[in-house]
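Please treat every number below as a calculation from the coordinates, not as lab data. Keep in mind it's a predicted model, so treat the numbers as computed, not measured. For neighbour counting, all protein chains shown are included, and Cβ atoms are generated from backbone atoms with ideal geometry for every residue, glycine included.
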Amino acid sequence: MGVVTPFPVPPRGGETQIGFERAELTRILDLYGRMVAAGHWKDYAMDLGREAAIFSAFRRAAERPEFRIEKRPALRNRQGMWALIGEGGAVLKRGHDLAPVLAPVERRLMKLVAE
């Protein structure tokens, strides 16, 4: 008889992977879908690490992301765990809630649709 290994194996040192909750990811993917429908974004990537969960949106697949939406729970009690980072790496918006952080991108979407 074989040895039964528990699944999933707990990470070493108590480190866990940071991820998006269902409501957060729904909000982000809804915005992404609207930007794709407007013809502005073409691709996205997600990086789920030990310190942060990052959603990157691209105009084209072979370039730097136009926007990165970062969730860093370690900053929850400081300036807020959500950050919107621009193409050059500058923090455009930071906050405790996701909706106000996504507001500049949603305003840009309104301009794209109006044109």
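Step by step: first the residues of the range 12-61, then only those that are hydroxyl-bearing (Ser, Thr, Tyr) and free of Cβ contacts under 8 Å to residues at least 24 places away in the same chain, then the one that is nearest to Ile85 (Cα to Cα). Which residue is that? Before the answer, list the steps.
From the range 12-61, those hydroxyl-bearing (Ser, Thr, Tyr) are 16, 26, 32, 44, 56; that's our starting set.
This time we only want the ones that are free of Cβ contacts under 8 Å to residues at least 24 places away in the same chain, so: 26, 44, 56.
Working: Thr26: 19, Tyr44: 14, Ser56: 9 Å.
Applying the filter and picking the extreme gives Ser56.
Going by the structure shown, is Val105 β-branched (Val, Ile, Thr) and touching a Gly at 6+ places or on another chain (Cβ under 6 Å)? Steps first, answer last, please.
Details: β-branched (Val, Ile, Thr): yes; touching a Gly at 6+ places or on another chain (Cβ under 6 Å): no.
No; evaluated as a whole, the condition is false for this residue.
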